[in-house]
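Note sheet for the following structure.
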Amino acid sequence: MTLNDKLIERERYDARAQSQLAQTVAATEVPLGSQTMVAYLRTPYLVYEQKIADLVQAGNRVLELGAGAGLHTRALLQTGAHVTASDISPHSLSLLRQRFQQTAGNLETAVADMECLPFAPDAFDVVVSAGSLSYGEPRLVDAEIRRVLRPGGMLLCVDSLNHNPVYRLNRWLHYRRGNRSLSTLKRMPDLRRIQALGQGFETLEVRYFGALSYLMPVVARLAGENSAQSISDRLDRWIGVKRSGFKFVLVARGLSKTDSV
């Protein structure tokens, strides 16, 4: 990501967090994670949260990239792991600490650029990311993930996929409206990035979701959000969604340091 775009994104998220910092609201009192999504977009985040519950163990050292204000941090804290929530936006991390200060003794925060992380090699057992991969230059981010993970470590992420032309157009419109920077469009993960993320790991598991998510608002108005979610999930299984997907969940396990260099 260019320096200018980094500043744009940091200022955008800082401003958003500052507007909420004056409100002392605990994490238990606000919807977080999959709870913030409309039902027909919720499935990949439910899968991400379930993977965290299944695979992240109490006592693990976990680094969350692009944690922001903690939208997806609670699922990590509930595992009993020691969580370091990192982000380029200091005010977002202040809001994250405010949200979890009463419930999380296993939380640290760190202002960090994911292209150049301020952590020692082999510092973490698990690295996670929810929607943040496009906020850094892929080659640098992937190298930093491998550097800070211990041998045998795990990468777990949920993010958007950048092949479907409908979703590409929608993201471009958001850029034109000033809601996102140009770099995030260029660096949105595609299938080649997914394969690159899996390099050096013993196993790579990827699931794709939402081939027809753009139709679900209409279905939801006709049949309700829960029905739209069920229909979307069934269509994904029927289509065998991959390149046409809206989101993906990736689990890469068993990092080999010698293979990943």
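The values are calculated or read from the model by the stated rules, or taken from the named source; none is laboratory data. Just so you know, these numbers come straight off a predicted model, no measurement behind them. Note that we place each Cβ from the backbone using ideal geometry, even for glycine, and neighbour counts take in every protein chain shown. For accessibility, only protein heavy atoms count, side chains too; no ligands or nucleic acids. Shrake-Rupley method; radii C 1.70, N 1.55, O 1.52, S 1.80 Å.
The average projected area of the range 198-261, computed from the convex hull of its Cα atoms over all directions, is 5.2 nm². Bridging of residue 247 to lysines at a Cα separation below 26 Å is possible for 6, 51, 186, once same-chain residues fewer than 8 apart are set aside. Both radii come from the Cα set of the range 9-115: Rg as radius of gyration, Rh as Kirkwood radius; their ratio Rg/Rh reads 0.95. Of the trypsin sites (Lys or Arg not before Pro) found in the range 129-230, those in coil by DSSP whose Cβ has at most 16 other Cβ atoms within 10 Å are 177. Placing unit charges on the Cβ atoms only, positive for Lys and Arg and negative for Asp and Glu, gives the chain a dipole magnitude near 780 debye about its Cα centre.
Of all the options 162, 60, 179, the one that moves most in a Gaussian network model of the chain with Cα springs shorter than 10 angstrom is 179. Taken over the C-alpha atoms, the range 71-151 has Rg and Dmax values of 12.6, 38 angstrom.
Counting pairs of Cα atoms in the range 89-131, how many percent are more than 14 Å apart? Intermediate results must be reported in sequence, preceding the final value.
On the way: 564 of 903 pairs.
That tail contains 62 percent of the Cα-Cα pairs.
Rolling a 1.4 Å probe over the protein heavy atoms gives the chain an accessible area of 48 Å² per residue.
Quick check on the chain: helices-only [θ] at 222 nm, where DSSP H runs of length 4 and up contribute -39,500 (n - 2.57) each and the sum goes over total residues. Nearest 500, please. Provide the component values of the computation, followed by the final result.
On the way: 11 runs with 110 residues, N = 261.
Result for the chain: -12500 deg cm²/dmol, rounded to the nearest 500.
Roughly how many Å is it from the Cα centre of the range 135-186 to that of the range 105-123, as a whole number? Between the Cα centres of the range 135-186 and the range 105-123 lies a distance of 19 Å.
Measuring with a 1.4 angstrom probe and ignoring ligands and nucleic acids, residue 174 comes out at about 60 Å² accessible. Within the listed set 227, 34, 134, the residue fluctuating most in the Gaussian network model of the chain (springs between alpha-carbon atoms under 10 angstrom) is 227. Just so you know, the Cα atoms of the range 107-206 work out to an Rg and Dmax of 14.6, 43 Å. Working note: Karplus 6.51/-1.76/1.60 with θ = phi - 60° gives the range 240-250 the couplings x, 4, 8, 4, 7, x, 8, 9, 9, 10, 10 Hz, where Gly and Pro are set to x. Think of the chain as a dipole: +1 on every Lys or Arg Cβ, -1 on every Asp or Glu Cβ, centred on the Cα centre; then among 189, 83, 111, 189 lies furthest on the positive end.
Looking only at the chain, where both bridge partners belong to it, what percent of the DSSP beta bridges are antiparallel (to the nearest 5)? Show your work: numbers first, answer last.
On the way: 16 of 35 bridges.
Once the DSSP bridges in the chain are tallied, antiparallel ones form about 45 percent.
Sorted from greatest to least, the principal axis extents spanned by the alpha carbons of the chain come out as 50, 47, 38 Å.
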